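Data first, discussion second: the structure below is written as structure tokens.
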Amino acid sequence: MAKGISERHRLYGLTSHSGNLPKPLDEKEIKDVSIKMMMKDSEDLIPHILDKKWLLYETTESDPFYISDNPVARQNRRDFGPLWGNLGLAVTGIEIYFPLTKTLSLAMLCEGHEQTFQDVISKIGFLRTVMPDFEQQLPVDSEWIEKHRRGFEEGAPIPIVAENVINHNSLQVKWSSRFVFSSKNDFSLARQMIAFDPRFKNGIKIRVS
């Protein structure tokens, strides 16, 4: 944090000992400062993007993905308590989604998701060895497993069901600044979300300290 503050002080023309207030910036200077900070932050963030497992999720044209004016959306199903956030790029369990087309979405997942899937595969293999008829007692969706295996190992698009499309689209609504776009003139999900919580009109705001 101290490094980040020092960088901001330098960009705003402050010194560590002057105690000066920030000088007023015109519109061009504000843009320049923002671009410099984005470039610096990008360098720090790249390793946390590259260490994720990249997958493609696929839907149908009749049930398309939304995309918003802030399309890189994040979620984390793990809760670390009231004192800790869970949306940082390096946080365990983080999921990042970016719609590429109306039917394809790029997912960048914490490597723990792949490990969980591999653990499931291992347990199923073990059960098949010791209990050949276990699938009759505990049905396993072999097609679902094979599609995810190909997604993780071969990069093949993973078809998802309607409930997952709703989750993807709800993230676009949550993270949007002003606009949500769809190949179909159907924004019922966005309207329902805003009716439930008007804060979704303005999307999630990231605070920098």
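Any read-out appearing in this document is the output of simple, stated calculations on the displayed coordinates, not a laboratory observation. Since this is a predicted model, take the numbers as computed values, not measurements. Because the Cβ atoms are built from the backbone with ideal geometry, glycine has one as well, and the counts that use them run over all protein chains shown.
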In nanometres, the difference between 0.36 nm per residue of separation and the alpha-carbon distance of residue 149 and residue 90 is 18.8 nm
Residues of region 96-132 with amide N under 16 Å of a point placed 7 Å along Cα→Cβ from residue 140: 116-132
Between residue 49 and residue 202, Cβ-based FRET efficiency (R0 30 Å, step 0.05) works out to 0.70
What shape does region 127-169 have by the C-alpha gyration tensor, where a ≥ b ≥ c are the square roots of the eigenvalues, rounded means a/c under 1.5, and otherwise prolate means a/b greater than b/c and oblate the rest? oblate
Considering only the other residues whose Cβ falls under 11 Å of the Cβ of residue 75, what net charge follows from Lys and Arg at +1 and Asp and Glu at -1? +3
Can you say what percent of the DSSP beta bridges in region 44-168, counting only those with both residues inside, are antiparallel? Round to 5. 90 percent
Protection proxy (average C-beta count within 10 Å per residue), highest first, orders 98-104, 168-174 as 168-174, 98-104
State the extension gain, in nm to one decimal, for the chain segment bounded by residue 126 and residue 185, taking 0.36 nm per residue of separation less the distance between their alpha-carbons. 16.4 nm
Calculated FRET value between residue 156 and residue 133, using beta carbons and R₀ = 30 Å, to 0.05: 0.50
Given 52/147; 53/147; 36/201; 52/201; 52/102; 31/102, which pairs have Cα atoms separated by over 25 Å? 36/201; 52/201; 31/102
